[in-house]
1. Determine which single condition Leu50 fails, assuming it passes every other condition in (1) without any contact (Cβ under 8 Å) to a residue 24 or more places away in the chain; (2) farther than 16 Å from Thr115 by Cα; (3) of a type in the set (A, V, I, L, M, F, W, C).
2. Would you please list the contacts, defined by Cβ atoms under 7 Å and residues six or more apart or on different chains, that run from a residue in region 105-119 that is basic (Lys, Arg) to a residue that is assigned to a loop (DSSP other than H, G, I, E, B)?
3. Please determine whether any residue of region 69-77 is among the hydrophobic types (A, V, I, L, M, F, W, C) and over 23 Å from Pro125 (Cα atoms).
4. Which residue pairs have Cβ atoms under 8 Å apart, sit 6 or more places apart or on different chains, and have a first residue in region 19-46 that is over 15 Å from Lys65 (Cβ atoms) and at pLDDT 95 or above and a second that is among the acidic types (Asp, Glu) and surrounded by fewer than 23 Cβ atoms within 10 Å (Cβ to Cβ)?
5. Only residues that are buried (at least 23 other Cβ atoms within 10 Å of the Cβ), touching a Pro at 6+ places or on another chain (Cβ under 8 Å) and in a helix (DSSP H, G or I): list them for region 95-132, please.
6. Looking at region 146-164, I want the residues that are farther than 24 Å from Gly191 by Cβ and have a partner that is part of a loop (DSSP other than H, G, I, E, B) and not acidic (Asp, Glu) with Cβ atoms under 7 Å, at least 6 apart or on another chain. Which pairs are those?
7. Mind checking whether some residue in region 197-211 is modelled with pLDDT under 95, buried (at least 21 other Cβ atoms within 10 Å of the Cβ), under 13 Å from the mean Cα position of the chain (by Cα) and not aromatic (Phe, Trp, Tyr)?
8. Could you please let me know if Leu156 is of a type in the set (A, V, I, L, M), at pLDDT below 95 and either within 28 Å of Glu200 (Cα to Cα) or surrounded by fewer than 21 Cβ atoms within 10 Å (Cβ to Cβ) (or both)?
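The values are calculated or read from the model by the stated rules, or taken from the named source; none is laboratory data. None of the values given here were measured: they were computed from a predicted structure. As a convention, Cβ positions derive from the backbone with ideal geometry for all residues, glycine included, and neighbour counts pool all protein chains shown.
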Amino acid sequence: MQSLIYLLPVAAYFYGSVPFGLLTAKAFKGVDIRDEGSGNIGATNAARVLGWKFFPAVFVLDFSKGFVPTLAAVMLTTGGAYEPSLLAVVTALAAVLGHVFPIYIGFKGGKAVATGSGVFLVLAPWCVAICVAVWGVMFAVWRYVSLASISAAGALIVSAWLLPKDPVGEGLFLSIFATAGGLMVIALHHGNIGRLLRGEEHKIGEQKDDS
C-alpha cells in the first residue's frame, strides 16, 4: 500500500490535465474557449468569454490542480509534517506539466499561473505571499494581467533563493524547481512580452487581454 504513494505524480499529471476553463465554457456557453479571446484555457480568458463572475470558479479549479496533489504528497510522505519532500516536489512538477501540456486536449494548455500558485502555496507559502504582493502592485499600477503574472514569476525565482527553507536538504531542490517554474511561466508569456514591448498588449477590460 505504501508503494502507491509513488503513483502520486502520475495522478497529479492527469488531474492537472483537466481543462476546467474549456469545460466551463462549453458547459455554460457552448463554445470552445480555444477559439475565443486569447485562445488560452486559463481563468482570465474564461472570464473574457463567459464574464468575470466565472473567473473565481475557474481560477480556484485550476489552483486546486496544483494544491491538492502537492498537499497530498506532502502529508503522505512526511507522516503529516507540513514540509516538502522530494516526492512532493516531483508531484508538484507533474501537476504543472499536466496543466501546461494536458493529455486530454493535444498537450496544449494554459500558462500555469493558477496551478503554480497552488503548488507553491504548499511548498513555499512565504514565496507565494511575496508573489501575490508583487502581482497586486504591478496590476494596480499598469492594469496588465500578463505583466503582473510575469513579474510575480520573477519574484518567485528571487524569493525562492533568498528566503530560508526547511528542511535545508530539500531546500536546494525546491529553489531549482521554483526557478524552472518561474522561467516556464515567463516563457509561456512570450507572446504577451512581444506585445508589451510593441505597446500592443491590451489592458484589463479590453477584449484581447491575455494572461
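1. Among (1) without any contact (Cβ under 8 Å) to a residue 24 or more places away in the chain; (2) farther than 16 Å from Thr115 by Cα; (3) of a type in the set (A, V, I, L, M, F, W, C), the lone unmet condition for Leu50 is (1).
2. Lys111/Asn40; Lys111/Gly42; Lys111/His189; Lys111/Ser211
3. Step one: of region 69-77, the residues among the hydrophobic types (A, V, I, L, M, F, W, C) are 71-76.
Narrowing further to those that are over 23 Å from Pro125 (Cα atoms): none.
No - not one qualifying residue is present in region 69-77.
4. Filtered contacts from region 19-46: Ala25/Asp32; Ala25/Glu36; Lys26/Asp32.
5. Passing the criteria: Ala95, Val122, Leu123.
6. Ala160/Ala124
7. Yes, region 197-211 contains at least one residue that is modelled with pLDDT under 95, buried (at least 21 other Cβ atoms within 10 Å of the Cβ), under 13 Å from the mean Cα position of the chain (by Cα) and not aromatic (Phe, Trp, Tyr).
8. Working: of a type in the set (A, V, I, L, M): yes; at pLDDT below 95: no; either within 28 Å of Glu200 (Cα to Cα) or surrounded by fewer than 21 Cβ atoms within 10 Å (Cβ to Cβ) (or both): yes.
Criteria not met by Leu156.
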